[in-house]
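Each remark here refers to the structure printed beneath this line.
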Amino acid sequence: MTAARGLPNVAEAMSFLIPSRTLRPADDPIFALNAEAKAREKAGEHVVNATVGSLLDDDGKLATLEGVNEALRDLPPQVVAGYAPIAGSPDFLRGVALDLFGDRPEAKMVASVATPGGTGALRHAIANFLEPGQALLTSSFYWGPYKTLADESDRGLETFPMFTGSGGLDTDGFHAELDRLVKKQGRALVLLNSPCHNPSGYSFDDAEWKRLRAAIEDISAKGPVTVCLDIAYAKFGAQPLDVMLDAMLPIANKALVLFAWSASKAFLEYGLRVGALVAVQPEEEERRRIQNALVYSCRGTWSNVNAGGMAAIANILLDSTRRARVDRERAGLIELLGRRVAKFNELAAKAGLTYPRYDGGFFTTVFVKDARDAAERLKADGIFVVPQPGALRVALCSVAERDIPRLVEGLAKVA
């Protein structure tokens, strides 16, 4: 291209982006696959779209909770339109603590802030508990945006092997990698996603949580260890959250325990972007410092969270009648999802698929040798799943029960 009037064409001579940002991908691969599946469906093809983690009913419509819809409709316009406090509304944060801990004493030992969904909570954990250039630790199968969040914050991501040869959680591998990372960088941030791990569907059992706790207790003597528990899907698990709490809260005086809490899945309100990061810290002065750091991060990123969304969720969490109604409505959808899980387990076992223990949640993962090739072959047959190293993520949350036989048959052909 010739520059006008003899002026140099700056765009051809240089990039305005800083070098680390020049090769960013244009779209999240999961959302890109979902868009392709929807385009083919709109063109008249019957596809099985097992990509995005949104719960759909068996007619393909986004599932919502009428008790939440009503709480949103009841909000005064001034509440919806007004600014929320930077840290989040006090009622909302109190409701989150109640939802997490009930009457446990830890409910009074927290530093917490509202965040735009669980993703915002993870962002704050990475930015405040690791230095730039350091790496977080998570399982070898993990939600892809963990890497994006770390990369965007100029941090890294390292993994421990998730599964042993017998299919259980590799807690020895976790212990070794946590030890190595603390020796290398002087501190560690661990992201653990259970119950209903995304993408595998695996929920850690009581013995596994206790072995994780023992490993953290051991390594925390060598440097600061922060454990961020991503509980986005916990409401849809067969295992109550108390199993995790009973195992992990006792280490709060040795390691920092964080919770990435989200209304996106628990209340099926993905678009509200309402979540929270909750830190359990018994020591008052350290708790104050953590609170200050988290509030500062809020102001320096999104400033404040959706005021109407927080007000509606707080009204549900703090009102026993509203809360009971939403719990009943959610139970019906858990039953719907449970039927899909049971059907998948029945057919997948007969088909000889290899996948982790799966007893609830939005996703499961089927192990394959060449995931990209397998996903492309499935896509040609109108079945959309998400490839990852060594496996295919299958979002049963968006697959009607009647389509599960076709899904399993397709997976069996490429596994």
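Could you list all residues from segment 375-389 that are in contact with a strand residue (DSSP E or B) (Cβ under 6 Å, 6 or more places away or on another chain) and not in a strand (DSSP E or B)?
Within segment 375-389, the first condition is being in contact with a strand residue (DSSP E or B) (Cβ under 6 Å, 6 or more places away or on another chain), and the residues that meet it are 375, 383-386.
Within segment 375-389, A375, V385 qualify.
Tell me yes or no: at least one residue of segment 137-159 is buried (at least 23 other Cβ atoms within 10 Å of the Cβ) and either among the β-branched types (V, I, T) or assigned to a helix (DSSP H, G or I) (or both).
Yes, segment 137-159 has at least one match.
If P240 passes every condition in (1) open to solvent by 10 Å² or more (accessible area, probe 1.4 Å); (2) part of a helix (DSSP H, G or I); (3) under 20 Å from I316 (Cβ atoms) but one, which one does it miss?
Of everything listed in (1) open to solvent by 10 Å² or more (accessible area, probe 1.4 Å); (2) part of a helix (DSSP H, G or I); (3) under 20 Å from I316 (Cβ atoms), P240 misses just condition (2).
Being touching a strand residue (DSSP E or B) at 6+ places or on another chain (Cβ under 9 Å) and either hydroxyl-bearing (S, T, Y) or over 30 Å from K265 (Cβ atoms) (or both) is the filter here, so list the residues in segment 181-207 that pass it.
Listed by number, the residues that qualify are V182, K184, Q185, S194, S200, Y202.
Kindly evaluate G167 against the criterion of being more than 18 Å from the chain's Cα centre (by Cα) and either open to solvent by 40 Å² or more (accessible area, probe 1.4 Å) or among the basic types (K, R) (or both).
Details: more than 18 Å from the chain's Cα centre (by Cα): yes; either open to solvent by 40 Å² or more (accessible area, probe 1.4 Å) or among the basic types (K, R) (or both): no.
For G167, the condition - more than 18 Å from the chain's Cα centre (by Cα) and either open to solvent by 40 Å² or more (accessible area, probe 1.4 Å) or among the basic types (K, R) (or both) - is not met.
For segment 48-66, indicate whether the set of residues that are at pLDDT 95 or above, exposed (fewer than 14 other Cβ atoms within 10 Å of the Cβ) and not in a loop (DSSP other than H, G, I, E, B) is non-empty.
Within segment 48-66, one or more residues are at pLDDT 95 or above, exposed (fewer than 14 other Cβ atoms within 10 Å of the Cβ) and not in a loop (DSSP other than H, G, I, E, B).
Given the criteria under 30 Å from T364 (Cα atoms) and either at pLDDT below 95 or hydroxyl-bearing (S, T, Y) (or both), does E12 qualify? Can you show your working first?
On the way: under 30 Å from T364 (Cα atoms): no; either at pLDDT below 95 or hydroxyl-bearing (S, T, Y) (or both): yes.
No: the conditions fail for E12.
Can you tell me which residue among D218, D246 is closer than 24 Å to R330 by Cβ, open to solvent by 10 Å² or more (accessible area, probe 1.4 Å), part of a helix (DSSP H, G or I) and acidic (D, E)? Give the steps one after another, and end with the answer.
Values: D218 fails: closer than 24 Å to R330 by Cβ.
Testing whether each residue is closer than 24 Å to R330 by Cβ, open to solvent by 10 Å² or more (accessible area, probe 1.4 Å), part of a helix (DSSP H, G or I) and acidic (D, E) leaves just D246.
Would you tally the residues in segment 272-293 being more than 17 Å from F129 (Cβ to Cβ), assigned to a helix (DSSP H, G or I) and not charged (D, E, K, R)?
The number of residues fulfilling the criteria is 1.
Being within 20 Å of D172 (Cα to Cα) and in contact (Cβ under 8 Å) with a residue 60 or more places away in the chain is true for just one of S194, S220, S262, S200. Which residue is that?
On the way: S194 fails: in contact (Cβ under 8 Å) with a residue 60 or more places away in the chain; S220 fails: in contact (Cβ under 8 Å) with a residue 60 or more places away in the chain; S262 fails: within 20 Å of D172 (Cα to Cα).
That would be S200, the only listed residue that is within 20 Å of D172 (Cα to Cα) and in contact (Cβ under 8 Å) with a residue 60 or more places away in the chain.
Specify which of the listed residues (F92, F101) is open to solvent by less than 30 Å² (accessible area, probe 1.4 Å) and either out of contact with any helix residue (DSSP H, G or I) (no Cβ under 8 Å at 6 or more places or on another chain) or under 17 Å from Q281 (Cβ atoms) (or both). Don't jump to the end; show me each part of the working.
On the way: F92 fails: either out of contact with any helix residue (DSSP H, G or I) (no Cβ under 8 Å at 6 or more places or on another chain) or under 17 Å from Q281 (Cβ atoms) (or both).
Among F92, F101, only F101 is open to solvent by less than 30 Å² (accessible area, probe 1.4 Å) and either out of contact with any helix residue (DSSP H, G or I) (no Cβ under 8 Å at 6 or more places or on another chain) or under 17 Å from Q281 (Cβ atoms) (or both).
State all residues of segment 250-259 that are surrounded by fewer than 19 Cβ atoms within 10 Å (Cβ to Cβ) and touching a residue at least 40 places away in the same chain (Cβ under 8 Å); if no residue qualifies, say none. Steps first, please.
Filtering segment 250-259 down to residues surrounded by fewer than 19 Cβ atoms within 10 Å (Cβ to Cβ) leaves 250, 252-254.
A252 - this is the single residue of segment 250-259 that is surrounded by fewer than 19 Cβ atoms within 10 Å (Cβ to Cβ) and touching a residue at least 40 places away in the same chain (Cβ under 8 Å).
Are there any pairs with C-beta distances below 8 angstrom linking a residue in segment 83-103 that is closer than 13 Å to N306 by Cβ and in a loop (DSSP other than H, G, I, E, B) to a residue that is open to solvent by 30 Å² or more (accessible area, probe 1.4 Å) and not small (G, A, S), with the two at least 6 apart or on different chains, and if so which?
Y83/N304; A84/N304; A84/N306; P85/N304; G88/N304
Can you tell me which residue in segment 360-374 is surrounded by the most Cβ atoms within 10 Å (Cβ to Cβ), limited to those that are among the β-branched types (V, I, T) and either touching a Phe, Trp or Tyr at 6+ places or on another chain (Cβ under 8 Å) or in a strand (DSSP E or B) (or both)? Walk me through it before giving the result.
In the first step, residues of segment 360-374 are kept if they are among the β-branched types (V, I, T); the result is 364-366, 368.
After this cut, where a residue has to be either touching a Phe, Trp or Tyr at 6+ places or on another chain (Cβ under 8 Å) or in a strand (DSSP E or B) (or both) as well, the list is 364-366.
Values: T364: 28, T365: 26, V366: 25.
Going through the qualifying residues, I end up with T364.
Restricting attention to segment 160-177, and to residues there that are part of a loop (DSSP other than H, G, I, E, B) and out of contact with any Phe, Trp or Tyr (no Cβ under 7 Å at 6 or more places or on another chain), which single residue is farthest from P19 (Cα to Cα)? Don't jump to the end; show me each part of the working.
Here is the first cut: in segment 160-177, the ones part of a loop (DSSP other than H, G, I, E, B) are 161-162, 164-168, 170.
Of the ones still in play, those that are also out of contact with any Phe, Trp or Tyr (no Cβ under 7 Å at 6 or more places or on another chain) are 161, 164-168.
Values: P161: 32, T164: 39, G165: 41, S166: 44, G167: 42, G168: 42 Å.
Taking the candidates together, the pick is S166.
Being of a type in the set (D, E, K, R) and closer than 21 Å to C397 by Cα, is that true of even one residue in segment 268-283? I'd like the intermediate steps shown before the answer.
Initially, segment 268-283 is screened for residues of a type in the set (D, E, K, R), giving 269, 273, 283.
So of that shortlist, the ones also closer than 21 Å to C397 by Cα come out as 269, 273.
Checked against the condition, which is being of a type in the set (D, E, K, R) and closer than 21 Å to C397 by Cα, segment 268-283 yields at least one hit.
G382 versus (1) of a type outside the set (A, V, I, L, M, F, W, C); (2) open to solvent by less than 10 Å² (accessible area, probe 1.4 Å); (3) within 25 Å of A266 (Cβ to Cβ): which is the lone unmet condition?
(3)
The values are calculated or read from the model by the stated rules, or taken from the named source; none is laboratory data. All values reported here derive from a predicted model rather than from experimental measurement. Here Cβ is always computed from backbone atoms with ideal geometry, including for glycine, and neighbour counts include all displayed protein chains. Remember, those area values only see protein heavy atoms, side chains included, never the ligands or the DNA or RNA. Shrake-Rupley method; radii C 1.70, N 1.55, O 1.52, S 1.80 Å.
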